[in-house]
Amino acid sequence: MLLLWKRSFPQASVYRLYLAIRRLDKSAADTCFPNVSCMRLDTHQKPPGTIDLYTGNGRHLLLLACHAYAAHCGSTGATPILPHFAAILGSHGMLGGCLGIRLTASDCAAIGLVLQVYHDNIRHIRLNVCEIQDTGYSRLASGLGSCRKLCTLYLNGNSLTDQWAQHIADVITCNSSSLRVIGTYHNNFTGSGSMAILNSAQKCTKLIKLFTDGGNVTESTAVLCRTLQMCERVSGLWLVNYKLDVSSHLAELSSLLCTRPIESLSMHRCGLTAQQDAVCTIISRQHQHLEYLNLSYNPLSDKFLLDAQEELHRCTRMKAVVLIDTRLSCS
């Protein structure tokens with residue numbers, strides 16, 4: 001993520017910073033924004049005092065700076081230190097794309113170049129719902145593969161296929177000693193691609209959040225359970241397209257989730273038809289910890305909701321329960 005915290009600098013300086021990035025002018029950038037700490041592109045969740053910088057045509061300043069950097073390197077054959085990136089990545093190490101902004105292949109190539117040069121600085125990468133697709137990822141792959149100190153890797157919702165699943169798995173393996181968050185769901189991985197990524201995640205002993213796609217195959221659940229056994233710190237779990245309609249699979253997953261504090265749990269399109277009482281058990285055991293629960297797009301029964309109602313009322317920290325298209329008839 002890239003985030004610009006507003007402290008004491010005037011908003012009128014935005015355009016001057018824009019020009020400074022275009023000219024790669026260090027003195028102008030330092031003069032305009034002496035208190036810049038970091039930047040981000042996520043416009044959906046703005047911390048207090050945050051502002052977003054956009055160029056005139058709506059493209060974000062990050063992409064502008066990436067393209068300026070790439071163009072400069074291409075025209076001179078040199079690899080200069082871009083002051084803007086050097087200051088931000090050196091102290092905060094964040095790089096990312098805005099939720100819902102489509103990144104073209106040229107965007108990905110420019111960002112990939114920055115990743116290659118600043119791989120020692122970058123700790124957090126957030127590229128959610130950017131529709132990178134395989135073509136864009138191929139332009140990012142080299143730079144992403146050079147990172148060795150990542151704490152966060154978000155690649156959710158990018159229409160990626162199994163073609164790059166093993167590469168993502170290799171990136172996870174190379175950063176296994178530092179990764180705390182892995183997000184690869186809502187892509188187009190099949191079971192083999194999903195399991196390759198899950199197998200690599202088993203090495204991430206510091207992992208606390210996992211967003212994973214099961215690829216609509218039964219075997220993924222067993223690999224997921226092994227991953228949770230290896231990663232004992234996981235407190236946030238977002239599942240999509242897992243085949244949990246088999247009682248034994250849900251029972252095994254339930255027993256694992258009941259042995260640790262879980263703050264966020266999402267089972268999205270997981271075919272929850274059998275043994276829904278296991279979900280009630282999870283809610284009951286996690287009533288002191290659970291803050292977010294999503295069971296959308298599962299054929300839940302009215303009996304489940306009635307059984308879960310009392311347990312949900314006991315969840316004193318609960319902030320959101322999402323039940324979209326669950327075929328419930330009772331209010």
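The values are calculated or read from the model by the stated rules, or taken from the named source; none is laboratory data. Predicted model only: the values in this text are computed from it and were never measured. As a convention, Cβ positions derive from the backbone with ideal geometry for all residues, glycine included, and neighbour counts pool all protein chains shown. When the accessible area is computed, the model is the full protein with side chains, heavy atoms only, and any ligands, DNA or RNA have been set aside. Shrake-Rupley method; radii C 1.70, N 1.55, O 1.52, S 1.80 Å.
Quick one: would you say Ser247 is among the polar types (S, T, N, Q), modelled with pLDDT of 95 or more and surrounded by fewer than 22 Cβ atoms within 10 Å (Cβ to Cβ)?
Details: among the polar types (S, T, N, Q): yes; modelled with pLDDT of 95 or more: no; surrounded by fewer than 22 Cβ atoms within 10 Å (Cβ to Cβ): yes.
Spelling it out, it is not the case that Ser247 is among the polar types (S, T, N, Q), modelled with pLDDT of 95 or more and surrounded by fewer than 22 Cβ atoms within 10 Å (Cβ to Cβ).
Restricted to the range 157-174, and to residues that are open to solvent by less than 30 Å² (accessible area, probe 1.4 Å) and closer than 13 Å to Asp134 by Cα, which residue is farthest from the chain's Cα centre (by Cα)? Looking at residues that are open to solvent by less than 30 Å² (accessible area, probe 1.4 Å) and closer than 13 Å to Asp134 by Cα, I get Ala165. Filtered by the rule that a residue be part of a helix (DSSP H, G or I), within 20 Å of Leu150 (Cβ to Cβ) and not aliphatic (A, V, I, L, M), the range 108-138 gives Cys108, Gly112, Gln116, Gly136, Tyr137, Ser138.
Return yes when Gly183 is out of contact with any strand residue (DSSP E or B) (no Cβ under 7 Å at 6 or more places or on another chain) and buried (at least 19 other Cβ atoms within 10 Å of the Cβ) and no when it is not.
On the way: out of contact with any strand residue (DSSP E or B) (no Cβ under 7 Å at 6 or more places or on another chain): no; buried (at least 19 other Cβ atoms within 10 Å of the Cβ): yes.
No; evaluated as a whole, the condition is false for this residue.
So, Thr135, is that one in contact (Cβ under 8 Å) with a residue 24 or more places away in the chain, open to solvent by less than 10 Å² (accessible area, probe 1.4 Å), on the phi < 0 side of the Ramachandran plot and among the polar types (S, T, N, Q) or not? So Thr135 does not fit the description; no.
Residues in the range 190-233 that are of a type outside the set (Lys, Arg), assigned to a loop (DSSP other than H, G, I, E, B) and over 15 Å from the mean Cα position of the chain (by Cα): Thr190, Gln202, Cys204, Thr205, Gly214, Gly215, Asn216, Val217, Thr218, Cys231, Glu232. Which one is surrounded by the most Cβ atoms within 10 Å (Cβ to Cβ) among residues in the range 279-319 that are part of a helix (DSSP H, G or I) and among the aliphatic types (A, V, I, L, M)? Top of the filtered list is Val279.
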